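See below for the structure under consideration.
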Amino acid sequence: MQQAPRAIIHVDMDAFYASVEELDDPSLVGKPVIVAGLGRRGVVSTANYEARKYGVRSAMATSEARRRCPDGVYIYPRHDRYAAISEVVFGVFAEVTPMIEGLSLDEAFLDVTASLRLFHSVEAIGRRVKDAIRERTGLNASVGMAQNKLLAKLASELSKPDGFLAIAPDQVRGYLDPLPVGRMWTVGKVAEEALHKVGIRTIADLMQADDWRLNRAVGERHAAQLRQLCRGDDRRPVVTDAPEVSIGSEWTFEYDLEDLGTAEAWLLRQCEKVGARARARGVEARTVSVKLREPPFVTHSRQAQMPVTGNATPDIYAVARRLLQVWWNQHPRPRLRLLGVTLSGFDARRGDEQQDMFATPATDKRSDGVQDMINGRFGAGALVRAGVLKTRGSE
């Protein structure tokens, strides 16, 4: 049975973090702006288009970005500000469809198939979304429209910055065929190099490749998937309210930590962050994981179960601290370059759920509630536990 045509929109804010900084400080317009960690081991979060001319890109070490663009304006991320604008953007999405799959603060897929009767065309919906975002936030969004997620995302990417492009079914080959094969979804660096070795460099080459050559490059299973995708066939649905798999927070230290007390203070700080995010999302976790990276890049992971699913910071910290201490005591000379905490194994909270009468009572959450309220009003970090104070001044 053939699938009915869908109308999918992909929205991606242009250089989001950097654009917000320019919005709040117009003197930055026209300058290369790089939002990044500013410490010795910082990483670039976003670079505006002026900075990209120098080869600066996301996930690049800040030190490398400074080498390439020494006259750039480097700004530490303001996540609360970006999240506030993201709420406005997602509010615009909700005005045209409830079928929203958020990929990040600044990117989402919208399935507007059921909205076509009201708005008449996918282009009309896309224009409404783009104009409303501009009007309410002052920022540009690139909007791609097509019959599936693969093509809608491609449309927004091809039209950036400030893009607006719809790819009709009869235009698919014209857009896909000339593209480098590395632009195809599921083709990473390793697969791209393997395809190049057998002479497949564009999507048109991939379309024409014989099975033996393609299977040799990427394996039979991946080859079959690529055959489907290079025809512009993508049957993935827009997934709304996808369950969160994990909530994590980590920190790379400018100088290696060699003191357990300081490591515990940083651990508590990360527990506060993930606990607050879990409470804001109304989820409770069963599993706490701790990520520990020794210099230069040796990474360890430890995890344990909480006695009862929860999201209270003291409960999370109790498990995480025990994991840290065990790891620390097993090493003759423990040092940490990075420390992180992740929650997983979520259950949505339900007030009418019967509680296990034999489970250990969870920590009193009133202190968490007060902290969340104050930080929500005055900004993250306005109120922290005393144990976190040791981390202040060392960011």
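Among residues of segment 327-346 being part of a loop (DSSP other than H, G, I, E, B) and at pLDDT 90 or above, the one that is surrounded by the fewest Cβ atoms within 10 Å (Cβ to Cβ) is GLN330. Restricting segment 187-205 to residues that are farther than 17 Å from GLN228 by Cβ and in a helix (DSSP H, G or I) leaves a set whose member that is nearest to the chain's Cα centre (by Cα) is LYS189. Candidates are the residues of segment 277-318 that are among the hydrophobic types (A, V, I, L, M, F, W, C) and within 19 Å of THR262 (Cα to Cα); the one that is surrounded by the fewest Cβ atoms within 10 Å (Cβ to Cβ) is ALA318.
Taking every residue in segment 54-78 that is farther than 8 Å from VAL44 by Cα and pairing it with any residue that is among the aliphatic types (A, V, I, L, M) and surrounded by fewer than 16 Cβ atoms within 10 Å (Cβ to Cβ), at least 6 positions away or on another chain, the pairs with Cβ-Cβ distances below 9 Å are TYR74/LEU38; ILE75/LEU38; TYR76/LEU38. The residue that is farthest from VAL20 (Cα to Cα), counting only those in segment 50-63 that are at pLDDT 95 or above and not in a loop (DSSP other than H, G, I, E, B), is ARG52.
Return yes when VAL88 is touching a residue at least 24 places away in the same chain (Cβ under 8 Å) and not in a strand (DSSP E or B) and no when it is not. When the stated conditions are applied, VAL88 passes them. Scan segment 106-135 for residues that are surrounded by fewer than 19 Cβ atoms within 10 Å (Cβ to Cβ) and either at pLDDT below 90 or outside any helix (DSSP H, G or I) (or both) and the total you get is 5.
For segment 206-217, the tally of residues that are under 32 Å from the mean Cα position of the chain (by Cα) and at pLDDT 85 or above stands at 3.
The values are calculated or read from the model by the stated rules, or taken from the named source; none is laboratory data. Quantities reported herein were computed from a predicted structural model and do not represent experimental measurements. When we count neighbours, we look across all protein chains shown, and the Cβ atoms used for this are built from the backbone with ideal geometry, even at glycine.
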